[in-house]
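S.K.: I have a structure here, written as structure tokens, and I will follow up with some questions on it.
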Amino acid sequence: MNHISIGLPLYLLCFTLLCAFLWLLDFCYFANHRKLSYNKKIPWWLDYAKSLLPALIVILIIRSFFFQLYRVPTGSLVPTILPGDMILVNQFSYGLRLPVTNAKIMQISEPKRGDIALFYFPPDTSVIYIKRIIALPGDQVVYKNKTLYINGKQATQKIIDKNYDYNYERKFIANLIAEKLDTKIHKIIIDKNDTTDTEYKFTVPKKYYFVMGDN
């Protein structure tokens, strides 16, 4: 699904296009006009636009098609990623997209179990979420006794620390666990005092992915 980014990507694109328009206007008109006049000094606003244009183009290309910095706002992926961490996101892992419109122009790969992915939160697409991909389209998921089963296969768990001090949002002592999804191993935390034993069982719809945090 395409999503129009109203924030920084749109402002960056508009500013780049404005500088490009001023550069083109100078090339076609102002430069020739200065040659015919006694005042050959470039206006400060035009000088700034021409100076900034190359840097803006490079930033726009890198940010749109290659890499982008994000600050993680929540503790969803503790202990893997902590709140406030800056992460460098690969923009082309799953395909190349146009800036602002996010329309995909080239497919590169598909999301895999265990990947950490950023995505627009469906109920509010102005918010970007970061989660771990747990199940793929068509996968059967069962979660019981704080253990995942994907297509009948258990995600193996190994306790690393039985007294992990979790101190974000609310403080509690947790089990720090190494969990294995397919061939990928990542750390999760489970509240030792949480006695919830509700069993969840469902099939991931086509074109959808099931994601979770690490705590």
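S.K.: Can you tell me the 0 to 90 degree angle between the C-alpha axis of helix 44-65 and the longest principal axis of the chain, rounded to 10?
M.R.: Long axis of 44-65 versus the principal axis of the chain: about 30 degrees.
S.K.: Using a basic spin-label model with each label point 7 Å from the Cα along Cα→Cβ, how many nm lie between THR125 and THR74?
M.R.: 2.0
S.K.: Hey, another quick one. Using helices alone, I'd like the mean residue ellipticity at 222 nm for the chain: each DSSP H run of four-plus residues gives -39500 (n - 2.57), total over residue count, nearest 500.
M.R.: Values: 3 runs with 45 residues, N = 215.
Computed mean residue ellipticity for the chain: -7000 deg cm²/dmol.
S.K.: Further question: Binned at 10 Å from 0, what are the whole-percent values of the Cα-Cα distance distribution for the chain, short to long?
M.R.: Result, from short to long distances: 7, 24, 26, 18, 11, 7, 5, 2, 0 percent.
S.K.: Return the loop-located trypsin sites (Lys or Arg not before Pro) in the stretch 74-159 (DSSP other than H, G, I, E, B) with at most 16 other Cβ atoms within 10 Å of their own Cβ; answer none if there are none.
M.R.: Working: sites: ARG97, LYS104, LYS112, ARG113, LYS131, ARG132, LYS144, LYS146, LYS153, LYS158; in loops: LYS112, ARG113, LYS146.
Here the trypsin sites (Lys or Arg not before Pro) that fit, given the DSSP loop and packing criteria, are LYS112, LYS146.
S.K.: A further question on this structure: Stokes-Einstein D for the stretch 110-215 at 37 °C, 0.692 mPa s, Kirkwood Rh over Cα pairs, in µm²/s? Could you put the intermediate results ahead of the total?
M.R.: Working: Rh = 14.9 Å.
Approximately 220 µm²/s, per Stokes-Einstein.
S.K.: Once you have the alpha carbon radius of gyration of the stretch 66-133, what is it after dividing by 2.2 N^0.38 Å, with N set to its residue count?
M.R.: Numbers: Rg = 12.5 Å, N = 68, 2.2 N^0.38 = 10.9 Å.
The reported ratio for this selection is 1.15.
S.K.: From the P(r) of the stretch 86-172, could you give the percentage of C-alpha pairs in the tail past 17 Å?
M.R.: Working: 2550 of 3741 pairs.
Here the tail beyond 17 Å accounts for 68 percent of pairs.
S.K.: Over 17 Å, how big is the tail of the calculated P(r) for the stretch 1-126, in percent of all Cα pairs? Write out the running numbers ahead of the final one.
M.R.: Values: 5441 of 7875 pairs.
Percentage above 17 Å: 69.
S.K.: Give me the angle, in degrees from 0 to 90, between the Cα long axis of helix 8-25 and the longest principal axis of the Cα atoms of the chain, rounded to the nearest 10.
M.R.: 20
S.K.: What is the Cα radius of gyration of the stretch 11-65 over 2.2 N^0.38 Å, N being its residue count?
M.R.: Values: Rg = 13.0 Å, N = 55, 2.2 N^0.38 = 10.1 Å.
In units of the 2.2 N^0.38 Å rule of thumb, it is 1.29.
FYI, it's all coordinate maths here, none of it is from the lab. In this text, all values refer to a predicted model and were calculated from it rather than measured experimentally. In this analysis, Cβ positions are derived from the backbone assuming ideal geometry, glycine residues included, and neighbour counts consider all displayed protein chains.
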